[in-house]
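Trainee: This is the structure I have questions about; it appears just below.
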Amino acid sequence: MPDLLPHEKGFHVSWDQLHRDARALAWRLDGKGPDNGSWRGVLGITRGGLVPAAVVARELDIRMVDTISVKSYNHQEQREPEVIKPPQASFMENGGEGVLIVDDLVDTGKTLQLVRDLFPKAHFATCYAKPQGEPLVDTFITEVSQDTWIFFPWDMALQYVQPYRGTD
Ligand SMILES: O=P(O)(O)OC[C@H]1O[C@H](OP(=O)(O)OP(=O)(O)O)[C@H](O)[C@@H]1O
Ligand SMILES: O=c1[nH]c(=O)c2nc[nH]c2[nH]1
Ligand SMILES: [Mg+2]
């Protein structure tokens with residue numbers, strides 16, 4: 001179990017909740033692309049953006065889907081973000097205009113800043129946002145406080161918990 005410090009709180013997201021939030025994100029973006037309302041592709045920031053990007057692409061009927069892999073964290077310890085895998089070159093045309101770039105969350109904003117520098121005209125969307133990273137994201141669904149660690153369903157498992165009133 002990773003140490004929660006310096007995050008005071010935990011926000012635990014179920015598969016169902018993540019699906020609802022990714023769908024809500026898609027619906028909010030529907031018809032907002034620069035080409036008569038449409039988007040020319042979805043770019044997921046892996047790994048966390050993979051599932052939300054798949055849901056957004058499905059909802060908006062976008063078949064042009066690719067990934068950019070950025071690694072910033074080892075568990076809860078932040079490092080300098082680095083691009084591990086770039087997307088297909090066509091996604092970078094015209095500064096990424098018309099490309100919807102999707103991640104699970106923005107925290108300090110370092111990951112999105114790195115990707116924004118590569119795609120200055122793209123639209124950035126996340127399911128969750130913390131205040132420090134909020135200026136880096138164009139569209140998001142739910143805000144959580146900076147001292148909250150978000151736990152995603154792929155990082156969790158169902159397990160037994162003791163009753164509130166313990167047995168002797
Ligand atoms: O706003 P920031 O402070 O940069 O943090 C947000 C990023 O951190 C996490 O990715 P991580 O680097 O842990 O890799 P992962 O997506 O493979 O889990 C998360 O999925 C975001 O991409
Ligand atoms: O699973 C995660 N939860 C978070 O709150 C977070 N912030 C940066 N990277 C993160 N990964
Ligand atoms: Mg990530």
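The values are calculated or read from the model by the stated rules, or taken from the named source; none is laboratory data. Source: prediction; values computed, not measured. Counting neighbours? That spans all protein chains shown, and the Cβs are built from the backbone with ideal geometry, glycine included.
Trainee: I need the full set of residues from the range 46-73 which are of a type in the set (Gly, Ala, Ser) and outside any strand (DSSP E or B), in order please.
Mentor: 48, 49, 53, 54, 57
Trainee: Please go through the range 103-144 and pick out each residue that is part of a strand (DSSP E or B), within 14 Å of ligand 2 (Cβ to nearest atom) and not polar (S, T, N, Q).
Mentor: So in the range 103-144, the residues part of a strand (DSSP E or B) come out as 103-106, 123-129, 139-143.
Among the residues that remain, those that are also within 14 Å of ligand 2 (Cβ to nearest atom) are: 103-106, 126-129, 140, 142-143.
If the condition is that a residue be part of a strand (DSSP E or B), within 14 Å of ligand 2 (Cβ to nearest atom) and not polar (S, T, N, Q), then 103, 104, 105, 106, 127, 128, 129, 140, 143 are the ones that fit.
Trainee: One residue is enough: does the range 33-49 have a residue meeting the conditions under 15 Å from residue 128 (Cβ atoms), loosely packed, with under 15 Cβ neighbours inside 10 Å and of a type outside the set (Gly, Ala, Ser)?
Mentor: For the range 33-49, residues under 15 Å from residue 128 (Cβ atoms), loosely packed, with under 15 Cβ neighbours inside 10 Å and of a type outside the set (Gly, Ala, Ser): absent.
Trainee: I would also like to ask the following. Taking interchain pairs and intrachain pairs at least six residues apart, which have beta carbon atoms under 7 angstrom, with the first residue in the range 74-102 and assigned to a loop (DSSP other than H, G, I, E, B) and the second within 15 Å of ligand 3 (Cβ to nearest atom) and modelled with pLDDT of 95 or more?
Mentor: Cβ pairs passing all conditions: 76/149; 86/68; 87/43; 87/67; 87/68.
Trainee: How many of the residues making up the range 61-73 are farther than 13 Å from residue 48 by Cα and either within 16 Å of ligand 1 (Cβ to nearest atom) or in contact (Cβ under 8 Å) with a residue 24 or more places away in the chain (or both)?
Mentor: Selection size over the range 61-73: 4.
Trainee: Same structure, new question: Out of the residues in the range 135-154 that are without any contact (Cβ under 8 Å) to a residue 60 or more places away in the chain and more than 22 Å from residue 47 (Cβ to Cβ), which is nearest to the chain's Cα centre (by Cα)?
Mentor: Only one residue tops the list, namely 143.
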